[in-house]
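> This is the structure I have questions about; it appears just below.
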Amino acid sequence: MAKAVGCVSGGLDSMLTVRLVQRQGIEVLALHAVHLWHPHTPAPGEKPEAVRRVEALGAEVRTVDATEADLAMVRHPKFGMGKRMNPCIDCRIWTLRQAKALMEAEGAAFVFTGEVLGQRPMSQRRHVMQLVEKESGLEDLLVRPLSARCLAPTKPERDGLLDRDRLCGFAGRSRKPQIALAAELGITEYPTPAGGCLLTDPGFAHRLRERMRAKDVTPADVELLKVGRHFRLDDGEWAVVGRHERDNLRLADLIQPGDVRLEATDIPGPTTIVRGPADADTLAQAAAITLRYTKTPPGETRDVTVQAVGELPWTIRAAPASDEFCRERLVTIEEKS
Ligand code: SF4
């Protein structure tokens, strides 16, 4: 049986392409890149939701960790960024290179993706689709089953391995053809589009850009950027303050050596993390911000428990920071529209 490698995100488009290729009698080996920018980072040993969805279609799924490449691409995107911080063209090329290596190692005949011509402004324009094909070394061997009939026939189509007439000719942003095809192919459960990559999220992209201006971010810093409210402190560090119980628990999970954790001592309130070396003045600011998100009345003072990782806790007596101070220090999006 001929084999093909499919790049899958776990979204509807990639699920449809897996089925379209499988129904032509071709075995599908799926490749899923685990990006740093997904809102939910899988715990060690946890199977990403996307993998479960594609496995349910009867395809074997291999995963590849994109962490290192993700950081390199946002630092130096060769082909530029999209509207936010998303280096989609570099990212597509990187993923396709991984797929090409897998294709060669497994003796597969071609690679396919769920791309739809004209669906995304940056990476799915015709000339960009040709560019990524060339840059990944997959010229003539990269099939886009959802738009195949709008594109030049590829080698597997010309060789008769794939019947072009049983592939699709979708183009543009409408999702209706895909939803109709899902019903035809018996795919009833799939995620809603968008929301998969935080680099396209205005708030996250802004925080990442600001942090990268100040320091060389690590994967652990990126995880912190996904949680809570972020405030600039005087020494250039940030205080990250939980917005709700889920954030507080996540922040407690993310704490690492060098971090300082703050919580109001006697009343309910958020967990705050300060990453990096923090002096007494900086911690006093973080304590005041922490109290701002408790029920402490303005001007009243309370104890805040402060603990550096691996050290004994101590307390700081502080009053809640003013609304004005918090507004000034909050790292928020400066939208131009
Ligand atoms: S949206 Fe994010 S994951 Fe998708 S191609 Fe662009 S940068 Fe990569």
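Values quoted throughout were computed directly from the atomic coordinates according to the rules given, and no laboratory measurement underlies them. It should be emphasised that the depicted structure is a prediction, and the values quoted were computed from it without experimental measurement. Glycine also receives a Cβ, built like all others from the backbone with ideal geometry; neighbour counts cover every protein chain displayed.
> Would you grab the residues whose amide H sits under 5 Å from the one on residue 265? Only those 5+ places off in sequence or on another chain, please, with H modelled 1.01 Å from N.
Result for residue 265 returns 303, 304, 305.
> Oh, and also: For residue 157, what is the net charge nearby, where nearby means another residue's Cβ is under 13 Å from its Cβ and Lys, Arg count +1, Asp, Glu -1?
Surrounding charge for residue 157 is +2.
> While we're on this one: Could you tell me which of rounded, prolate or oblate describes the range 1-154, using a ≥ b ≥ c as the square roots of the eigenvalues of the alpha-carbon gyration tensor, with rounded for a/c under 1.5 and, failing that, prolate when a/b is larger than b/c and oblate otherwise?
The shape class here is oblate.
> What are the ³J(HN,Hα) values, in whole Hz, obtained from phi via the Karplus relation 6.51 cos²θ - 1.76 cosθ + 1.60 with θ = phi - 60°, for each residue of the range 251-261 in sequence order, with x given for Gly and Pro?
4, 4, 5, 8, 4, 9, x, x, 7, 10, 10
> Suppose a student asked you for the relative contact order of the range 74-219, using Cα pairs under 8 Å spaced at least 6 residues apart; what percent would you report?
It rounds to 22 percent for the range 74-219.
> Let me ask you something else. When the Debye formula is applied to the Cα atoms of the chain, each taken as the same point scatterer, what base-10 log of I(q)/I(0) results at q = 0.08, 0.09, 0.13, 0.15 Å⁻¹?
So the normalised log intensities are -0.48, -0.58, -0.95, -1.13.
> Quick one: work out Rg over Rh on the C-alpha atoms of the range 81-206, Rh as Kirkwood radius.
Using only Cα positions, Rg/Rh for the range 81-206 is 0.98.
> Nearest 5 percent is fine: what portion of the DSSP beta bridges confined to the chain is antiparallel?
In the chain, DSSP labels about 55 percent of beta bridges as antiparallel.
> Please return the longest range in the chain lying between exposed loop sites, taking GluC sites (Glu not before Pro), DSSP loop only, at most 14 other beta-carbon atoms within 10 Å, and leaving the sites out.
190-299
> Next question, about the same structure. Pairing the Cα long axis of helix 88-106 with the longest principal axis of the chain, what angle in degrees results, from 0 to 90 and rounded to the nearest 10?
Approximately 50 degrees, to the nearest ten.
> Also, quick follow-up: Can you give me the orientation-averaged projected area of the convex hull built on the Cα atoms of the range 201-251, in nm²?
The orientation-averaged projected area of the Cα hull of the range 201-251 comes to 3.6 nm².
> Over the chain, what is the relative contact order in whole percent, taking alpha-carbon pairs under 8 Å and six or more residues apart?
Dividing the mean separation by the residue count of the chain yields 14 percent.
> For 204, 170, what ranking results if the residue with the fewest other Cβ atoms within 10 Å of its Cβ goes first?
Starting with the residue having the fewest Cβ neighbours, the order is 204, 170.
> With axes computed from alpha carbons, what is the tilt in degrees of helix 126-135 against the longest principal axis of the chain, rounded to the nearest 10 within 0 to 90?
90 degrees
> Is any residue of the range 254-282 close enough, with backbone N under 11 Å, to a label point placed 7 angstrom from the Cα of residue 300 along the Cα-Cβ axis, and if so, which?
267
> Measure nothing fancy, just the Cα-based angle from helix 202-214's long axis to the longest principal axis of the chain, in degrees from 0 to 90, nearest 10.
Approximately 70 degrees, to the nearest ten.
> How about residue 78: which lysines have a C-alpha closer than 28 Å to its C-alpha, ignoring those fewer than 8 places off in the same chain?
100, 134, 215, 226, 336
> How compact is the range 227-329 by the rule of thumb for globular proteins, expressed as Cα Rg over 2.2 N^0.38 Å?
Cα Rg divided by the expected 2.2 N^0.38 Å: 0.94.
> For the range 234-320, which trypsin sites (Lys or Arg not before Pro) are both in a DSSP coil and crowded by at most 12 other Cβ atoms within 10 Å?
243, 295
> Oh, and also: Counting other beta carbons within 10 Å of each residue's own, what order do 14, 123 fall into, fewest first?
Neighbour counts put them in this order, fewest first: 123, 14.
> Relative contact order for the range 227-329 using alpha-carbon pairs under 8 Å, separation at least 6, rounded to a whole percent?
Rounded, it is 26 percent for the range 227-329.
> If only Cα atoms are counted, what is the Rg of the range 114-182, and what is its Dmax, in Å?
Expressed in Å, the Cα Rg and Dmax of the range 114-182 come to 12.0, 33.
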